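Chemist: The structure's right below; bear with me while I get my questions together.
The values are calculated or read from the model by the stated rules, or taken from the named source; none is laboratory data. Because the structure is predicted, anything quoted here is derived from the model rather than measured. Positions of Cβ are generated from backbone atoms using ideal geometry, with glycine treated the same way; all protein chains shown enter the neighbour counts.
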Amino acid sequence: MSIETTQTQSDSPSTETETIDNPERGCGYLKDGKAYLRSDVGAGGNLPAFVEFAEPIPFKENRKRSYTFFPGLQFELAVTGPGGMTETVPKDEASRHIERMRNDRPTGTHAGEMVEFESQDLLLSVGKSHYPTAQEFIDEARVNGVSKAISVTSGNAPPKVNPGRTRLFLIHPRAVETTKEIETTMGEVDRDRDTLLKVKDEPVEDEALVMETADDDISVTVERRMMTPGVFGYTYLTRVVYTEDEDGEVPKYIQDYEATGELDVVKPGSPEPYSQQEAFDDDGELLPEYRDLEIDTDAIVEELESKEDEIREFAETHEPTDEEGVFEVVEEEEATPTPDFDVNEMERADFGDLADRGWVEAESPLMAHDALSGADEGALAVVHGESGPEAVFPSNNLNVSEAAGYTKGISIVGPYRVEARLMNTGGRKVKVEKTR
């Protein structure tokens with residue numbers, strides 16, 4: 001699975017609250033009246049569901065339960081660069097993250113309008129009572145995405161999340177394995193975690209014999225293996241959500257946060273226990289066939305490039321037997337041309353057909369005909385009708401504005417309210433509602 005940064009609601013009218021999946025997790029199910037940091041995953045996303053540090057970074061600082069703002073990119077470059085302490089899985093994810101941000105367009109015309117101006121990476125701890133190991137959290141995140149509860153109140157606004165760009169770095173109290181010499185007594189030695197070094201300050205030659213014969217009160221020195229806190233990876237956040245209470249209500253301040261685009265009010269779906277999730281067994285353990293599904297394509301390409309000369313030489317000199325057949329030169333097929341979405345050549349979309357279908361996936365018109373890009377008499381989007389591409393045109397009262405993660409245009413066309421969104425991460429969608 002991978003992270004989807006283009007959120008689409010159900011086909012129900014927008015007056016209904018969005019219902020989100022509610023799979024059983026290490027921390028249980030979604031709770032009513034709670035705020036969550038979310039990374040929404042799906043089959044069509046373009047971001048890794050979880051980025052793991054191959055060697056977690058030791059973290060000895062005191063931590064509160066709440067999130068804190070964190071210089072994630074600076075930290076990642078420091079620990080994964082030349083001479084660094086670790087690398088990411090997938091490899092070189094920091095470079096791809098930087099390239100994505102370089103290709104983003106601003107979400108406003110001045111700093112205060114831009115979500116990038118206020119959005120920062122975050123740091124948060126994972127509890128060992130819910131996830132005894134960091135790997136259990138990683139397994140869950142790669143299948144179901146991350147859903148971490150946070151505190152949101154009238155005086156404590158949710159953090160600004162730039163979808164697919166804001167990252168949540170995570171600490172686990174047992175992420176890093178370390179060793180330490182400890183002086184203790186034989187009765188306190190644990191064979192699973194301790195290696196016997198000295199008995200009464202004398203080096204140990206036969207550990208098994210000493211363990212069987214020494215008295216419990218004899219002083220010994222052991223090398224003890226311990227699990228300590230560490231930053232073990234991160235996920236790309238997509239949004240903050242707040243769940244309705246059991247009566248379908250939310251506080252007034254939550255409504256205000258939703259109105260300003262700082263969070264989405266949602267309804268938890270029906271609980272889905274582990275027994276109903278195809279990737280896990282009844283105890284919540286990831287099934288073997290779902291492990292390591294995120295193939296490191298960069299590593300594969302790097303390996304192939306290193307063998308390029310060897311492969312080329314083999315292809316040029318190898319003489320196949322009759323059983324093997326011969327090498328054939330296959331002519332390259334012409335690439336399929338990119339559709340020319342010239343709205344002047346299209347039929348107008350029928351708003352009656354689009355009304356109350358919820359968000360409909362759409363295409364972008366040519367830049368010169370794109371109303372969201374400022375084109376006069378341009379179209380908001382191109383949808384696929386029964387007879388081919390159809391243009392969604394606004395009326396003269398079009399209002400275009402920037403929001404967190406997308407550009408939106410709203411127009412009232414007769415009895416219809418038409419809204420189109422151009423996502424900063426790519427993709428366009430349109431929604432038509434009949435207002436009278």
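Chemist: Which of (1) under 30 Å from residue 166 (Cβ atoms); (2) touching a helix residue (DSSP H, G or I) at 6+ places or on another chain (Cβ under 9 Å); (3) of a type in the set (Phe, Trp, Tyr) does residue 406 not meet, given it meets every other one?
Modeler: (2)
Chemist: Considering the stretch 145-186 alone, what residues qualify as being small (Gly, Ala, Ser), part of a strand (DSSP E or B) and under 24 Å from residue 77 (Cα atoms)?
Modeler: Hit for the stretch 145-186 is 175, nothing else.
Chemist: Only residues that are surrounded by fewer than 13 Cβ atoms within 10 Å (Cβ to Cβ) and either in contact with a Lys or Arg (Cβ under 8 Å, 6 or more places away or on another chain) or within 16 Å of residue 105 (Cβ to Cβ) (or both): list them for the stretch 363-400, please.
Modeler: Taking the stretch 363-400 as the starting set, the residues that turn out to be surrounded by fewer than 13 Cβ atoms within 10 Å (Cβ to Cβ) are 367-368, 374, 376-377, 386-388, 395-397, 399.
Scanning the stretch 363-400 gives 367, 374.
Chemist: With 400, 382 as the choices, which residue is assigned to a strand (DSSP E or B), touching a Ser or Thr at 6+ places or on another chain (Cβ under 9 Å) and more than 30 Å from residue 160 (Cβ to Cβ)?
Modeler: Selected residue: 382, the only one of 400, 382 that is assigned to a strand (DSSP E or B), touching a Ser or Thr at 6+ places or on another chain (Cβ under 9 Å) and more than 30 Å from residue 160 (Cβ to Cβ).
Chemist: Return only the number of the condition from (1) buried (at least 22 other Cβ atoms within 10 Å of the Cβ); (2) farther than 29 Å from residue 272 by Cβ; (3) assigned by TED's automatic domain parsing to the domain that holds residue 21 that residue 141 does not satisfy.
Modeler: Checking residue 141 against (1) buried (at least 22 other Cβ atoms within 10 Å of the Cβ); (2) farther than 29 Å from residue 272 by Cβ; (3) assigned by TED's automatic domain parsing to the domain that holds residue 21, the one that fails is (2).
Chemist: Identify the residue in the stretch 1-39 that is of a type in the set (Ser, Thr, Tyr), outside any loop (DSSP other than H, G, I, E, B) and at pLDDT 90 or above and, among all such residues, is surrounded by the fewest Cβ atoms within 10 Å (Cβ to Cβ).
Modeler: 19
Residues are listed down the side, and each one gets a yes or a no for (1) under 18 Å from residue 376 (Cβ atoms); (2) in contact with an Asp or Glu (Cβ under 8 Å, 6 or more places away or on another chain); (3) of a type in the set (Gly, Ala, Ser):
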residue: 394; (1), (2), (3): yes, no, no
residue: 407; (1), (2), (3): yes, no, no
residue: 410; (1), (2), (3): yes, yes, no
residue: 416; (1), (2), (3): no, yes, no
residue: 428; (1), (2), (3): no, yes, no
residue: 434; (1), (2), (3): no, yes, no
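Chemist: Okay, next question. Among the residues that make up the stretch 405-415, is at least one of them more than 30 Å from residue 236 (Cβ to Cβ) and either under 32 Å from the mean Cα position of the chain (by Cα) or surrounded by 20 or more Cβ atoms within 10 Å (Cβ to Cβ) (or both)?
Modeler: Within the stretch 405-415, one or more residues are more than 30 Å from residue 236 (Cβ to Cβ) and either under 32 Å from the mean Cα position of the chain (by Cα) or surrounded by 20 or more Cβ atoms within 10 Å (Cβ to Cβ) (or both).
Chemist: Let me ask something else. Across the stretch 220-249, what is the number of residues that are in contact with a helix residue (DSSP H, G or I) (Cβ under 8 Å, 6 or more places away or on another chain) and modelled with pLDDT under 95?
Modeler: Final tally of qualifying residues: 1.
Chemist: Continuing with this model, one more query. Residue 247 fails exactly one of the following numbered conditions: (1) in contact with a strand residue (DSSP E or B) (Cβ under 8 Å, 6 or more places away or on another chain); (2) in the same structural domain as residue 38 (by TED's automatic domain parsing). What is the number of that condition?
Modeler: (1)
For every residue, the table says whether it meets (1) surrounded by 13 or more Cβ atoms within 10 Å (Cβ to Cβ); (2) without any contact (Cβ under 8 Å) to a residue 40 or more places away in the chain; (3) out of contact with any Pro (no Cβ under 7 Å at 6 or more places or on another chain); (4) among the polar types (S, T, N, Q).
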position: 185; (1), (2), (3), (4): yes, yes, yes, yes
position: 190; (1), (2), (3), (4): no, yes, yes, no
position: 199; (1), (2), (3), (4): yes, yes, yes, no
position: 210; (1), (2), (3), (4): yes, yes, yes, no
position: 216; (1), (2), (3), (4): no, yes, yes, no
position: 224; (1), (2), (3), (4): yes, no, yes, no
position: 230; (1), (2), (3), (4): yes, no, no, no
position: 235; (1), (2), (3), (4): yes, no, yes, yes
position: 238; (1), (2), (3), (4): yes, no, no, yes
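Chemist: If you check 203, 159, 163, which single one turns out to be without any contact (Cβ under 8 Å) to a residue 24 or more places away in the chain and either exposed (fewer than 15 other Cβ atoms within 10 Å of the Cβ) or closer than 30 Å to residue 134 by Cα (or both)?
Modeler: 203
Chemist: Residue check: is residue 302 at negative phi and at pLDDT 60 or above? Break it down stepwise before answering.
Modeler: Values: at negative phi: yes; at pLDDT 60 or above: yes.
Spelling it out, residue 302 is indeed at negative phi and at pLDDT 60 or above.
Chemist: Within the stretch 122-133, take every residue that is free of Cβ contacts under 8 Å to residues at least 60 places away in the same chain and not basic (Lys, Arg) and give me the one that is nearest to residue 74 (Cα to Cα).
Modeler: Filtering first and then ranking leaves 126.
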